[in-house]
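Report on one structure; see the data block that follows.
The values are calculated or read from the model by the stated rules, or taken from the named source; none is laboratory data. As the structure is a prediction and not an experimental result, all values here were calculated from the model. Every residue, glycine as well, gets a Cβ built from its backbone with ideal geometry; the counts of neighbours run over all protein chains shown. SASA here: full protein model, heavy atoms, side chains in, ligands and nucleic acids out. Shrake-Rupley method; radii C 1.70, N 1.55, O 1.52, S 1.80 Å.
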Amino acid sequence: MRSRVSAYAIAVMEEQLLLTQLADSSPVFEPGRWHLPGGGIDPGEQPHETLGRELYEETGLELLDARLVDARAYTVHRLGIDWHLVGLFYRVDVKPGPLVVTKADDSTSAVAWMPLSGLRESRLSPAAVDSLAMIGAR
């Protein structure tokens, strides 16, 4: 079993949640699902640094502020690997700007602001589903 600690950004603006769509190369969660911006914390990297790096790579947006709101653990089997993932969830403020996936050929294929009222759990990663309860949207 492989372990991974990830930092995830929960960004809400005008009743919309910032989500990224997982590409085929997603190491843990199922491709095609909408997920929170974020990812694995590199050795020697602080979670806040991970948030800033991943936000820019996956959305093109700049991190302004982050507040830890929760942590969750997931056990997932993907691509022949059993994962134990610990996710650190941060409520974040981002600098407004155009959305663009800046790191090509990675685990993110698209990014969008999606209305909270129209989100279907069946299209979300487990982490994104859990984030809805953290912000009082479910």
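A few notes on this one:
- Seen from residue 105, the other residues with C-beta closer than 14 Å to its C-beta sum to a net charge of -3, counting Lys and Arg as +1 and Asp and Glu as -1.
- Taken as Cα centroids, segment 42-79 and segment 91-130 sit 12 Å apart, rounded to the nearest whole angstrom.
- Modelled spin-label separation between residue 120 and residue 93, with each label point placed 7 Å from Cα along the Cα-to-Cβ direction: 3.5 nm.
- If R0 is 35 Å, the Cβ-Cβ spacing of residue 76 and residue 49 corresponds to a FRET efficiency of close to 0.90.
- The length gained on full extension between residue 30 and residue 62, counted as 0.36 nm times the residue separation minus their Cα-Cα distance, comes to 8.9 nm.
- Label-point separation, residue 103 to residue 13 (7 Å along Cα→Cβ), nm: 2.1
- Heavy-atom accessible area for residue 83, with the other protein chains in place and a 1.4 Å probe, reaches approximately 20 Å².
- Where GluC sites (Glu not before Pro) fall in DSSP loop in segment 8-106, at most 16 other Cβ within 10 Å: 14, 15, 45
- Volume per residue of the convex hull around the Cα atoms, evaluated for the chain, comes out as 100 Å³.
- Computed magnitude of the charge dipole of the chain (debye, nearest 20; Cβ of K, R +1, Cβ of D, E -1): 360
- Structure-based [θ]222 nm, the chain - -39500 (n - 2.57) summed over DSSP H runs of at least 4, per residue, nearest 500: -5000 deg cm²/dmol
- Sequence of 35, 84 when ordered by accessible area, the most exposed leading, probe 1.4 angstrom: 84, 35
- Probing with 1.4 Å while keeping every protein chain in the model, the per residue accessible area of segment 25-138 equals 50 Å².
- Cα principal axis extents for segment 98-138, largest first, Å: 32, 21, 17
- Carbon + sulfur, % of accessible area of segment 1-122 - ligands and nucleic acids excluded, 1.4 Å: 50
- Low-density loop cleavage sites - trypsin sites (Lys or Arg not before Pro) in segment 37-129, where at most 10 other Cβ are within 10 Å (DSSP): 120
- Phi angles of segment 10-22 translate, via the Karplus equation with coefficients 6.51, -1.76, 1.60 and θ = phi - 60°, into HN-Hα couplings of 10, 10, 10, 9, 6, 6, 10, 9, 7, 10, 10, 9, 6 Hz per residue; Gly and Pro are given as x.
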